[in-house]
Structure formats: C-alpha cells, structure tokens
Amino acid sequence: MGGLGTETDPSTEATDSNGTATVSSETTRGVSDGSSPTEPTDGNETATVSSESIPGVSDGTLTNATALARANEASLTETGGAVRIRRQSSAEQSTFDLVVGAGLTTYQLTGSRSASDDAVDFDLWSNDTTRVIRTRADGEYNYRTNDRRDDRLSVLSGVEEYLAAGNFTVANESTGNGTVVLTADTFVTPADSYGPLTDVGSLDGRLVVSESGLIRSFTVAAATERETGSYSYTLLRTGVDRVDKPDWFDDVPAGATLQMQLDVNVENSSYLVVRNGGGDHVPSNTTISVTSNNTTTTATLDTSLMAGDTRYAYIDAATGTLQVTADRPTAGTVDSVTSPISVSLTTEDGASLYSAGMAWSSESAAASGNGSSGGSSSESSDASGGSASGGESGSTSNP
C-alpha cells in the first residue's frame, strides 16, 4: 500500500475484507465444549497496575516492542484465546480471526483478504503436527496440508512491527480494571527502514495492555501525503482449551496430503521449468495454470511428475494454448511470457500443490518463484498467497 505498506500476511499468518470472518462462526463453533471461553481477562492482573510491571515498558514509555510482543504471545497461547486482526488501506483490506487452544496444541485462522478486484477467503486449522488449509477464490475451493514446524504464529509476531512504529507513552497509569493505556502520535522510522509503515506523515495509536503483557486492544492509524491506512488487534476472549476440527475438514481431498518439493522457474522469458525436487509424485491430470498479461491459460499433466522429473510449460506461438512437455521447447515455437506472472498446480480433486507469483526485470532472462508447496509455507504466506518479485529471481514474502 505504498508508504503505508501492503499486506504480505491471510495467513499469511493471514490476512482482509470482503466476506470477513465473524466471531460466532469461527471462535464459538471451533471451541470444544469443555473449554468454557471467558471474556478477555488476564489471570495475573490486579485492579491497579503499574506500567513499570509491563514487559517492554520503562519510565512510562514502550522501549522494547519485541519484549511486549513476545509477552503477548506467551500470555495468549498459555491459556488459549481468540483475537481479531484487521488491516485496511487503499490497496487492500483484510480481517482475520485467530483462535488458539491452550498450549498452542491446536489453532484456527479464518478470514478474507481483498485487493483490487481479487478476493480470497482463507481457513486454516492445525494440531501439533499438521496444518490443513482451505482457500476460496473465484468461487472455487483449494485445499492443502503441510507439516507444522514452528510454534510461533506470524499473525501474532507481526504485532511487533506496529508496536515499534509509534512513540507509545503511558496516558493512563491504571484504568482500575487491571490495564494500562498507552498512546502514540508520532511515527518512528524503523532502524532498518523496513516495516509495514514507511514515509508516514501522521500517526495515531492506542494500546491497552495488561500487567502480563496481554494486549487487550491495539490500534494504529497512519497517513501519507497520498493515502491513509489502519491496523487493529482486538482480544475477543481468553480461556480456550482446544480448537475442534472445522466443519469443512471432511471435505479435504486425498490429494491435499501429498508432500513434494516443487520448483518453478522461467527461462529466457519464454517458458517455465517445473521440477519435482523430491517427496511424493505429482498425480497425472493435475492442472497447471499460468496467468500473464491478465490472461490465464491451463493444461493438464498427462503423466505423473515423479521425484526428480522435469516438465516444460510454454505458450504455443501458433495456437496460444499452454503446452506441457517432457522436452525443452525449441526456439520459434514459443510465445514469450511477460513479467509478472502467477503459476499454480492443482490436482484433479482440488488440492493445491503449488501457488506463487514471480517477476523479473527486463534485463533479466530468468526468474524463479518459491511458492507454497509441500508444507514449505507459514500460516501468513498461506493467507496472503505466495508472491515473488525483484531482479533476476523472486521469493515469497510473508506477512
């Protein structure tokens, strides 16, 4: 979103706004009967709290955003709870609900993200070993599963960058209900000049936090010379024991369990090289889709793509159709592809095996996309969709 930043999170840890997720459909239904969710509270809080007891706050100022963000994660995941995160700008909007079971043994992320004319609905459920993802775009559902490898959720850890974006100081030492209010009215430029907010002319922020570091609510509104944007984080409830499997879990196709390492590269701005670097095979009749210049072409694999195998995909210069062959195409038969492009591979039963975008400069002859494939992506990139950009090669960017 220009100076206010674009979302690279659904999920993704994730990320936000046509058809947004609601609390009743995702937090209440997903909580097991024995969890007895409660209103947002902090078990360690007292009626009167000193700001000096809050992690990251010193002398009435938030001096360590990392410490506060980590304390918030620890408090929420220890007892379980639910939060809602919204982002809005002129370029895109998103709303995501995260429900976490106690000890982070299970969690669910649901919501939607829209940018320009594109909108994606996103659902993710995870236990302590496996994550199952469902996305919906253009009326079609895609599914995939991957291994859970990280106990940190980027949708939560991403709060840190917004906390660090303002000069938060204590405005109310104690609200009487166990929280302290901090406000900010000045933008703080990131030390490395990288963050969700850049070139901000004005900023207004408000943070309500408990003694343990549990964030009750947090909002940031920022503006540049051209546009405005906002970010909000709201604690919906605490005391969630576990998150049950969603209703759509039984709809997950068998193909979603396939795990392979797919690499997709563009060579000579002419054709795609699709290689299975290892793991399971890509089934025959899998559809490969290539979008370039706002035109999408598709083709199916007539044979399985085994580990170590390579296929070449190109636009036939004579017919304009997408062709997939085992041999490298010859010069003169190929219609060049123009940066940027997006590529996806989807099984016959609707499982998403690979999805990424890539771009390359006019001086570059090749580009690569490191998209979501076989369990390589985080919950944030799942939510936002893999995208690659820059120079000679690209890589996915996670919110």
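Evaluate the following for residue 183: is it touching a Lys or Arg at 6+ places or on another chain (Cβ under 6 Å) and either over 22 Å from residue 90 (Cβ atoms) or surrounded by fewer than 23 Cβ atoms within 10 Å (Cβ to Cβ) (or both)? Criteria met by residue 183. For the stretch 278-320, how many residues are closer than 19 Å to residue 254 by Cα and β-branched (Val, Ile, Thr)? So the answer is 6. Every condition in (1) modelled with pLDDT under 85; (2) more than 19 Å from the chain's Cα centre (by Cα); (3) of a type in the set (D, E, K, R) is met by residue 185 except one, and the failing one is (1).
What are the residues in the stretch 102-144 that are of a type in the set (D, E, K, R), over 19 Å from residue 355 (Cα atoms) and assigned to a strand (DSSP E or B), if any?
Initial filter on the stretch 102-144 (of a type in the set (D, E, K, R)): 113, 117-118, 121, 123, 128, 131, 134, 136, 138, 140, 144.
Right, trim to over 19 Å from residue 355 (Cα atoms) and you get 128.
Passing the criteria: none in range.
Annotation note: of 291, 298, the sole residue that is more than 22 Å from the chain's Cα centre (by Cα) and assigned to a strand (DSSP E or B) is 298.
Is there any pair with a first residue in the stretch 226-245 that is assigned to a loop (DSSP other than H, G, I, E, B) and a second that is surrounded by fewer than 17 Cβ atoms within 10 Å (Cβ to Cβ) and among the polar types (S, T, N, Q) whose Cβ atoms are under 6 Å apart and which are 6 or more apart or on different chains, and what are they? So the pair list comes out as 227/90; 239/38; 241/32; 242/32; 244/32.
One residue stands out in the stretch 48-74 among those that are part of a helix (DSSP H, G or I) and among the charged types (D, E, K, R): the one that is modelled with the lowest pLDDT, namely 52. Across the stretch 83-101, the qualifying residues are those that are of a type in the set (Ser, Thr, Tyr) and not in a strand (DSSP E or B), and the one among them that is nearest to residue 209 (Cα to Cα) is 89.
Only one of 200, 243, 180, 220 is within 21 Å of the chain's Cα centre (by Cα) and in the same structural domain as residue 142 (by TED's automatic domain parsing). Can you tell me which?
Details: 200 fails: within 21 Å of the chain's Cα centre (by Cα); 243 fails: in the same structural domain as residue 142 (by TED's automatic domain parsing); 180 fails: within 21 Å of the chain's Cα centre (by Cα).
After ruling out the rest, the residue left standing is 220.
Residues in the stretch 145-160 that are in a helix (DSSP H, G or I) and under 15 Å from the mean Cα position of the chain (by Cα) were compared, and the one that is modelled with the highest pLDDT is 159. If you go through the stretch 245-257 and keep only what is crowded, with 18+ Cβ neighbours inside 10 Å and under 14 Å from residue 109 (Cα atoms), you end up with just 246.
Within the stretch 302-349, if we keep just the residues that are under 27 Å from residue 281 (Cα atoms) and of a type in the set (Asp, Glu), the residue that is surrounded by the fewest Cβ atoms within 10 Å (Cβ to Cβ) turns out to be 327.
Just for the stretch 251-267: of the residues that are among the polar types (S, T, N, Q) and modelled with pLDDT of 85 or more, which one is nearest to residue 335 (Cα to Cα)? Working first, answer last.
Keep residues of the stretch 251-267 that are among the polar types (S, T, N, Q), which gives 257, 259, 261, 265.
When the remaining residues are screened for being modelled with pLDDT of 85 or more, the result is 261, 265.
On the way: 261: 28, 265: 16 Å.
The residue in question is 265.
Among the residues that make up the stretch 262-274, is at least one of them under 30 Å from residue 161 (Cα atoms) and either outside any loop (DSSP other than H, G, I, E, B) or outside the structural domain of residue 327 (by TED's automatic domain parsing) (or both)?
Step one: filter the stretch 262-274 for residues under 30 Å from residue 161 (Cα atoms), giving none.
No, there is no match, as no residue in the stretch 262-274 is under 30 Å from residue 161 (Cα atoms) and either outside any loop (DSSP other than H, G, I, E, B) or outside the structural domain of residue 327 (by TED's automatic domain parsing) (or both).
Just the residues that are crowded, with 16+ Cβ neighbours inside 10 Å and closer than 30 Å to residue 331 by Cβ, please, taken from the stretch 268-286. 269, 270, 271, 272, 273, 274, 275, 276, 282, 286, listed by residue number.
Of the residues in the stretch 274-293, at least one is at pLDDT 90 or above, touching an Asp or Glu at 6+ places or on another chain (Cβ under 8 Å) and among the hydrophobic types (A, V, I, L, M, F, W, C). Among the residues of the stretch 114-148, the ones that are over 18 Å from residue 98 (Cα atoms) and among the aromatic types (Phe, Trp, Tyr) come to 2 in all.
Just for the stretch 57-77: of the residues that are among the hydroxyl-bearing types (Ser, Thr, Tyr) and closer than 17 Å to residue 168 by Cα, which one is nearest to the chain's Cα centre (by Cα)?
Of all residues in the stretch 57-77, those among the hydroxyl-bearing types (Ser, Thr, Tyr) come to 58, 61, 63, 66, 75, 77.
Still in the running and closer than 17 Å to residue 168 by Cα: 58, 61, 63, 66.
Values: 58: 32, 61: 30, 63: 27, 66: 20 Å.
Among those residues, the one meeting the criterion is 66.
Give the stretch 257-288 a look and list any residue that's hydroxyl-bearing (Ser, Thr, Tyr) and under 26 Å from the mean Cα position of the chain (by Cα), or say none.
Residues of the stretch 257-288 that are hydroxyl-bearing (Ser, Thr, Tyr), as a first pass: 257, 269-271, 284, 286-287.
Once the filter is applied, which keeps residues that are hydroxyl-bearing (Ser, Thr, Tyr) and under 26 Å from the mean Cα position of the chain (by Cα), the stretch 257-288 yields 257, 286, 287.
The values are calculated or read from the model by the stated rules, or taken from the named source; none is laboratory data. This one's a predicted model, so the numbers in the text were calculated from it and none came from an experiment. FYI the Cβ positions are ideal-geometry reconstructions off the backbone, even for glycines, and counts take in every protein chain you see.
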